[in-house]
Amino acid sequence: MAWHGHAIVTNSSMATPSRGHGTQVLIGTNGYTLRRNSSMKLASSPGMLLMGIWLILVGGLPLMNMSLPPALLNLMAVAAGALILMDK
């Protein structure tokens, strides 16, 4: 077993099938297993970020008995869709 930056590399015969929460297991062709701890990241594209915010607002606001003007939510949805289609 060796430590390389943020990853632990082990021989595949030493690797256990159990995976910790947030652990990514990559098995290479050379018989070694790479375990990397992955943390949650924000979306890199503005369209996906805007869609995520929109989904949280649409799903969360009614749960808290709050509301936003429907026109604002509609504009957010259109903007997110346009950015995603443009691959931005």
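The values are calculated or read from the model by the stated rules, or taken from the named source; none is laboratory data. This one's a predicted model, so the numbers in the text were calculated from it and none came from an experiment. Reconstructed Cβ throughout: ideal geometry from the backbone, glycine too, with neighbour counts over all protein chains shown.
Before moving on, here are some points about what is shown:
- The listed residue being out of contact with any helix residue (DSSP H, G or I) (no Cβ under 7 Å at 6 or more places or on another chain) and at pLDDT 70 or above, out of Asn37, Asn30, Asn74: Asn74
- Qualifying positions in the stretch 37-76 - under 18 Å from Lys88 (Cβ atoms), surrounded by 10 or more Cβ atoms within 10 Å (Cβ to Cβ) and small (Gly, Ala, Ser): Ala43, Ser45, Gly47, Gly52
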